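Notes for the one structure printed next.
The values are calculated or read from the model by the stated rules, or taken from the named source; none is laboratory data. Bear in mind that the values here come from a model prediction, so they are computed numbers and not experimental data. A quick note on method: Cβ atoms are made from the backbone with ideal geometry, for glycine too, and the neighbour counts reach across all protein chains shown. Surface accessibility is based on the protein's heavy atoms, side chains included, excluding ligands, DNA and RNA. Shrake-Rupley method; radii C 1.70, N 1.55, O 1.52, S 1.80 Å.
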Amino acid sequence: MGSAGGSTATTEEADGDSGDAGRDAAADLDPTEARLADALERVAHGAVVSTPSILAQRGLTLAFTALLTNTFAAGPYGLFALARRLSRFLRRLAMGFGSGLSRFLPTVEDPAERDALAMFAAALVVGVSAVFGAGLFLGAPAVAEFTGKGPPFPLYLRAFGAGLPLTVSLFVVARVLRATEEVTALNVFQRVAFPLAQLTVGVAGAVVVSGLVGVAVGLPVAMGALALVGAGWLARSRGFRPRIRVPDAAAIRRRYVGYTTPLFLSGFATTTQRLGFYPLIAVFLSGTAGGVFAVGVLVGSLVRLPLMAINQFIPPVAAALNDGDHPEALSRLYHVTSRLVLVGVVGLSVPTIVYREAVMALFGPTFVRYAPLLPGFVLAQVLACAAGSVGILLRMTDHQRALLVVNTAITLFLAVTAIPLTVEFGLPGLVASYLLMLGVNNGLEVAVLYRVEGLQPFTRAHGKPLLAAVPFAAIALATRGLLSRTPAAVVGTLLGFAAYAAVLRVLGFSTVERRLLATLVERYRRVISGLRDRARDAA
């Protein structure tokens, strides 16, 4: 498969330059084009259906965070956020053993084998999380003493440690829904129901309990309850059953453990990259710095929405293309999806950077003072998203050991750079380390993916959103100079997006992208027409 990526960049560009309308008809597509069209439609449909729920999730999470930061001082909130992120560190480690669900469930045809695989994976992940949670619960006083963080920090740690298996169970159910391409159920379950429950817990903690300890206790309980609901839906609607004894059960377990063990070990490196900044904050910085960093990461994650939407169902689609030995379709899928991600990420980044004071004002006056650091969080996400679904493609093409080597190297690089930068420059040094880490990590993963599979994300068309961002930024800066903070953000963003879309339209889209748009429009037109007909019949 190593030769796939080398030949397809030219092909992709040819698509962009050709105006052959005949290729828009499904009957005229050659096998590679047909596979690409099907894969893109599945990924794009998942993204389209997921985007509103992801927006709802991020909006509700933003409301939850703003509620806590405006109700409680920045220092106490920082300790709460620090404890939650440390528990999330352990959750992500445990979920390394859940990565095989997206790899194997899409290709399992026997329901009994499917059930046994899901049951084994869930038991493995929850069991590991119980061990980690017990360690955090018992070690909370020692962690608090080592970091110099007084009460109620140990209580936060113990609440999140005791609830870790409940928290992990929610994400196991979500992994099963994603692996089986249950688009609607996944979005309702993880993207709407959970953040609503989280916000409800936050309101209860702020208004009723008047303390963050109640929030720390309530969050895992709410997540465990939702996990039970999700598991019940899978059993009732999709026929999942608890199974242990099936033919070749031992072989199934060995294959699963053999695949996920490198990913679990790699998780120590990747989790240190993503969340290792919080131990640095705990040791070297204040609680307020922890709160600012948590808010910066949250705002930066809003820029990441296009990649999150695309990634919803690219794992099973990529796994199927890889197992079916369709390297060119996989390479073309990578080109198109990474380009669409870049269009969205750049469009969201410009107003977030230009109107950074207005964004940080949502969390209270303390955070506005740290607005100059926000571009670092946003640019880090731009670098992370520019390469598209590179980490997923490494896993779905069975190069998890290469991913382990890459992430171990990046983690060592992070340790060498982040500690001295944090000690020397404080929070700005930590943000610089965050930016540097995400940039180097994704660059190295792209190089490795190209080396082992011949896949790389970039074509000449990736420069179009960068060009279109120039007038967007100019309009945003002009309105910031002419209007006050909030009106400037609203007017400048709307006018800027209009200019951004107009420039992209002038620069043009590829035939593949136009065909994808036409397919999706026709698909949703039929859905709306069917709903209208049923409503008329019911009346």
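What the table shows:
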| read-out | value |
| --- | --- |
| Options 146, 123, 156, ranked by Cα towards positive dipole end of the stretch 90-220, top entry (Cβ charges) | 146 |
| Cβ-placed point charges (K, R +1; D, E -1), dipole of the stretch 69-181 about Cα centre in debye, nearest 20 | 500 |
| The stretch 395-434 - percent of accessible surface contributed by carbon and sulfur, probe 1.4 Å | 73 |
| Over the chain: helical MRE at 222 nm, DSSP H runs n ≥ 4 each giving -39500 (n - 2.57), nearest 500 | -27000 deg cm²/dmol |
| Computed E for residue 447/residue 323 - FRET, C-beta separation, R0 30 angstrom, nearest 0.05 | 0.75 |
| Simple Cβ-charge dipole of the stretch 119-220, Lys/Arg +1 and Asp/Glu -1, about Cα centre, in debye nearest 20 | 60 |
| Solvent-accessible area, 1.4 Å probe, carbon plus sulfur percent, for the stretch 495-539 | 65 |
| Leading residue at positive end of dipole, the stretch 325-477 (Cβ point charges), from 340, 432, 471 | 471 |
| Top positive-direction residue, dipole computed over the chain with Cβ charges, set 97, 315, 73 | 73 |
| Relative contact order %, the chain, counting alpha carbon pairs below 8 Å whose residues are six or more apart | 23 |
| For the chain: accessible area per residue (Å², 1.4 Å) | 41 |
| Convex hull of Cα atoms in the stretch 332-374, direction-averaged projection (nm²) | 3.5 |
| Span-rule helices in the chain, defined as complete DSSP H runs reaching 15 Å or more along the axis (Cα) with Kyte mean at least 0.5 | 111-147, 164-179, 212-238, 287-303, 327-354, 374-386, 400-425, 427-453, 463-482, 485-507 |
| Residue 398 - accessible surface, heavy atoms, 1.4 Å probe, Å² rounded to 10 | 70 |
| Accessible-area ranking of 30, 325, largest first, probe 1.4 Å | 325, 30 |
| Surface share of carbon and sulfur [accessible, 1.4 angstrom probe, percent] for the stretch 336-381 | 71 |
| Listed residues 450, 500 arranged by accessible area, highest first, probe 1.4 Å | 450, 500 |
| Protection proxy ranking, peptides 311-319, 365-373, average beta carbon neighbours within 10 Å, highest first | 311-319, 365-373 |
| Nearest-20 debye value, the chain charge dipole, Cβ charges on Lys, Arg, Asp, Glu | 1420 |
| Exposure of residue 237 as accessible area (Å², to 10), given a probe of 1.4 Å and all protein chains | 50 |
| Kirkwood hydrodynamic radius (C-alpha pairs) into Stokes-Einstein, the stretch 315-436, 37 °C and 0.692 mPa s, D in µm²/s | 194 |
